[in-house]
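Chemist: I'd like to ask you about the structure that follows.
The values are calculated or read from the model by the stated rules, or taken from the named source; none is laboratory data. Fair warning: this is a prediction, and the values are worked out from it, not measured in the lab. Positions of Cβ are generated from backbone atoms using ideal geometry, with glycine treated the same way; all protein chains shown enter the neighbour counts.
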């Protein structure tokens with residue numbers, strides 16, 4: 001990013017006295033933000049304002065029209081607590097943490113070096129520093145989540161929080177500013193480094209992760225996952241390379257990419273494009289990251305609501321993760337995993353949004369009580385002790401390591417760049433490609449109507465995106481809202497969390513009834529993951545829990561004679577000893593299966609097909625091609641009209657084969 005031009009200073013109060021007021025004894029509500037990817041690394045935004053507490057995101061007051069004085073005008077800085085996810089209808093303990101809106105009444109831009117020179121570096125003494133949950137208790141929670149949540153099919157991964165707590169001696173806002181000053185020097189890789197003072201509480205943090213940004217109609221999300229904990233001597237290249245080769249760390253990142261692609265598919269009509277990966281280096285840890293970008297015309301408050309909250313701090317599928325968090329964190333999360341969001345207008349009056357996830361953030365009360373929430377991403381092969389250690393390392397970046405010497409950096413090392421680049425070799429180029437390259441409608445599919453039924457997993461938004469790339473007209477409906485199976489050329493019964501054999505579960509009863517109707521009326525349909533399992537049971541196959549859940553696992557399979565790399569997210573699996581099965585009242589069913597275990601990968605029948613894997617996942621190399629073949633099969637269309645090139649993009653007959661094209665190269 002180039003440094004901020006002088007004209008970016010914006011409108012509103014630009015008096016050099018704003019920073020002086022903040023450094024005074026009673027400054028009132030204020031914020032100082034370092035946003036190097038937006039404003040350049042050498043500048044800070046200094047904001048003064050008035051605080052309100054709207055009930056909902058739609059209640060955040062945003063003015064319209066051109067800003068006075070030209071330039072960028074910052075309107076509102078919002079601090080969004082975790083409980084706000086209830087706006088999406090998801091489970092959340094009501095801990096009373098309010099939605100905070102700081103309406104900006106004054107703003108100025110100052111140089112980092114000038115602010116550092118003027119902010120006193122007063123010492124910070126912590127009394128009774130400790131974790132509210134011990135390492136042993138946290139490890140026990142990890143074991144319980146692995147067994148009782150991931151192991152029962154509730155989801156692929158979950159983030160469980162604990163907090164570092166302490167009291168700051170002789171606390172005043174000057175000590176919060178001093179902490180901010182030290183973070184500026186220490187956490188050079190942070191997305192936002194900030195201090196936000198509301199009057200009765202103060203947030204100080206160095207968040208590595210963008211939540212979502214919108215500028216010139218382009219939305220960007222930044223999935224970050226995988227953690228390399230630096231040794232005491234600092235990071236080392238061999239350690240970095242071991243981290244990049246660690247399959248668990250890689251799987252964690254792929255899973256959150258899938259989850260954020262779901263969100264982008266909901267706010268961007270054409271879905272999102274994946275860019276990366278990169279290494280993000282912070283003071284005590286390093287992470288791997290991708291960027292996802294897409295075009296949107298949604299109101300920035302709607303964008304915020306539809307992206308509550310990042311899977312990197314909750315889990316996936318998101319709706320199920322919220323239920324698990326409520327179970328294991330009944331006390332609530334406060335502002336941990338929430339969002340700090342700056343809403344602005346450019347010189348033309350167009351809305352902008354920049355926001356950071358509230359992690360690596362100290363929440364400090366007026367009395368000096370400090371709390372730093374930290375969490376680890378729990379996946380099927382998590383080690384409980386290692387996850388507890390990871391949360392300690394994340395807290396250390398804000399507390400113990402603040403005054404440590406600068407660390408070495410390896411993000412641009414050629415060996416590191418090569419290892420990162422190799423991660424894209426086996427994933428879906430569909431999501432790595434520009435959205436304009438995806439739309440290749442097949443003449444015999446274009447215009448056909450498809451209903452996608454969502455079973456509590458917004459993978460369905462990505463399914464819809466792949467179907468639209470083939471020229472199909474897609475409607476998405478949740479299983480628990482009113483809809484009809486009739487009037488469509490094709491129905492797709494979607495994925496979701498849950499036990500397919502649960503007789504009393506309302507969702508499973510609905511999926512079974514829908515599958516029965518589709519079979520009885522011989523209506524063309526596809527079934528994915530959980531719906532595939534419901535179909536398998538209806539056809540007489542046995543469905544069992546797997547010994548080890550497949551959550552974010554890529555496997556090479558034989559899919560009816562085609563070799564494919566596909567992504568699995570399943571705790572349960574159908575099994576079969578045969579490749580062909582005769583089902584009374586249905587006909588012959590073809591079975592794609594693992595030859596050693598009998599686990600069923602996919603089924604094909606007279607007017608239906610199903611997949612245990614997720615063709616829409618970033619882990620499935622040739623997803624659109626697989627979907628195209630399946631759709632054409634259930635519609636009884638010839639298979640020659642659509643093929644998939646090596647990139648996984650559908651290639652309509654007569655269009656040039658683009659399999660040899662280079663991967664997109666984009667600088668973020």
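Chemist: Restricting the stretch 263-275 to residues that are surrounded by 24 or more Cβ atoms within 10 Å (Cβ to Cβ) and more than 8 Å from the chain's Cα centre (by Cα), which is farthest from residue 475 (Cα to Cα)?
Modeler: Let us first name the residues in the stretch 263-275 that are surrounded by 24 or more Cβ atoms within 10 Å (Cβ to Cβ), namely 263-265, 267-268, 271-274.
This time we only want the ones that are more than 8 Å from the chain's Cα centre (by Cα), so: 264-265, 267-268, 271-274.
Details: 264: 17, 265: 13, 267: 15, 268: 15, 271: 15, 272: 19, 273: 22, 274: 24 Å.
Among residues in the stretch 263-275 that are surrounded by 24 or more Cβ atoms within 10 Å (Cβ to Cβ) and more than 8 Å from the chain's Cα centre (by Cα), the one farthest from residue 475 (Cα to Cα) is 274.
Chemist: Looking at this structure, is residue 468 within 23 Å of residue 571 (Cβ to Cβ) and either in contact with a strand residue (DSSP E or B) (Cβ under 9 Å, 6 or more places away or on another chain) or free of Cβ contacts under 8 Å to residues at least 24 places away in the same chain (or both)?
Modeler: So residue 468 fails the test.
Chemist: Right, next: Given the conditions (1) closer than 24 Å to residue 517 by Cα; (2) surrounded by fewer than 17 Cβ atoms within 10 Å (Cβ to Cβ); (3) out of contact with any strand residue (DSSP E or B) (no Cβ under 7 Å at 6 or more places or on another chain), and given that residue 580 satisfies all but one, which numbered condition is not satisfied?
Modeler: (3)
Chemist: Same structure again: Here are 329, 319: which of them is over 14 Å from the mean Cα position of the chain (by Cα), closer than 17 Å to residue 82 by Cβ and at pLDDT below 95?
Modeler: On the way: 319 fails: over 14 Å from the mean Cα position of the chain (by Cα).
Exactly one residue qualifies, and that residue is 329.
For every residue, the table says whether it meets (1) modelled with pLDDT under 95; (2) under 25 Å from residue 48 (Cβ atoms); (3) crowded, with 23+ Cβ neighbours inside 10 Å; (4) assigned by TED's automatic domain parsing to the domain that holds residue 45.
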| residue | (1), (2), (3), (4) |
| --- | --- |
| 336 | no, no, yes, yes |
| 342 | no, yes, yes, yes |
| 345 | yes, yes, no, yes |
| 377 | yes, no, yes, yes |
| 393 | yes, no, no, yes |
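Chemist: Could you tell me whether residue 666 is under 22 Å from residue 292 (Cβ atoms), assigned to a loop (DSSP other than H, G, I, E, B), at pLDDT below 95 and touching a strand residue (DSSP E or B) at 6+ places or on another chain (Cβ under 8 Å)? Write out each step before concluding.
Modeler: On the way: under 22 Å from residue 292 (Cβ atoms): yes; assigned to a loop (DSSP other than H, G, I, E, B): yes; at pLDDT below 95: yes; touching a strand residue (DSSP E or B) at 6+ places or on another chain (Cβ under 8 Å): yes.
For residue 666, the condition - under 22 Å from residue 292 (Cβ atoms), assigned to a loop (DSSP other than H, G, I, E, B), at pLDDT below 95 and touching a strand residue (DSSP E or B) at 6+ places or on another chain (Cβ under 8 Å) - is met.
Chemist: For the stretch 499-523, which positions are part of a helix (DSSP H, G or I) and in contact (Cβ under 8 Å) with a residue 12 or more places away in the chain? Spell out how you get there, then give the answer.
Modeler: Here is the first cut: in the stretch 499-523, the ones part of a helix (DSSP H, G or I) are 506-520.
Within the stretch 499-523, 506, 507, 508, 510, 511, 512, 514, 515, 516, 517, 518, 519 meet the criteria.
Chemist: For the stretch 471-487, how many residues are touching a helix residue (DSSP H, G or I) at 6+ places or on another chain (Cβ under 6 Å) and under 26 Å from residue 622 (Cα atoms)?
Modeler: Summing the residues that are touching a helix residue (DSSP H, G or I) at 6+ places or on another chain (Cβ under 6 Å) and under 26 Å from residue 622 (Cα atoms) in the stretch 471-487 gives 2.
Chemist: Then there's this: Please verify whether residue 537 is in the same structural domain as residue 604 (by TED's automatic domain parsing), part of a helix (DSSP H, G or I) and touching a strand residue (DSSP E or B) at 6+ places or on another chain (Cβ under 6 Å), treating the condition exactly as stated.
Modeler: For residue 537, the condition - in the same structural domain as residue 604 (by TED's automatic domain parsing), part of a helix (DSSP H, G or I) and touching a strand residue (DSSP E or B) at 6+ places or on another chain (Cβ under 6 Å) - is met.
Chemist: Hey, any hits in the stretch 298-314 for a residue that's on the phi > 0 side of the Ramachandran plot, outside any loop (DSSP other than H, G, I, E, B) and either in contact (Cβ under 8 Å) with a residue 40 or more places away in the chain or not assigned by TED's automatic domain parsing to the domain that holds residue 253 (or both)?
Modeler: Within the stretch 298-314, none of the residues are on the phi > 0 side of the Ramachandran plot, outside any loop (DSSP other than H, G, I, E, B) and either in contact (Cβ under 8 Å) with a residue 40 or more places away in the chain or not assigned by TED's automatic domain parsing to the domain that holds residue 253 (or both).
Chemist: Determine whether residue 552 is touching a helix residue (DSSP H, G or I) at 6+ places or on another chain (Cβ under 8 Å) and surrounded by 13 or more Cβ atoms within 10 Å (Cβ to Cβ).
Modeler: The answer is yes for residue 552.
Chemist: Kindly indicate which of 191, 171 is in the same structural domain as residue 280 (by TED's automatic domain parsing) and crowded, with 24+ Cβ neighbours inside 10 Å.
Modeler: Being in the same structural domain as residue 280 (by TED's automatic domain parsing) and crowded, with 24+ Cβ neighbours inside 10 Å holds for just one of 191, 171, which is 191.
Chemist: Mind listing whichever residues of the stretch 524-549 are over 27 Å from residue 488 (Cβ atoms) and surrounded by 24 or more Cβ atoms within 10 Å (Cβ to Cβ)?
Modeler: 549
Chemist: So, one more: One residue is enough: does the stretch 570-591 have a residue meeting the conditions modelled with pLDDT of 95 or more, over 23 Å from the mean Cα position of the chain (by Cα), under 28 Å from residue 316 (Cα atoms) and not in a strand (DSSP E or B)?
Modeler: No, there is no match, as no residue in the stretch 570-591 is modelled with pLDDT of 95 or more, over 23 Å from the mean Cα position of the chain (by Cα), under 28 Å from residue 316 (Cα atoms) and not in a strand (DSSP E or B).
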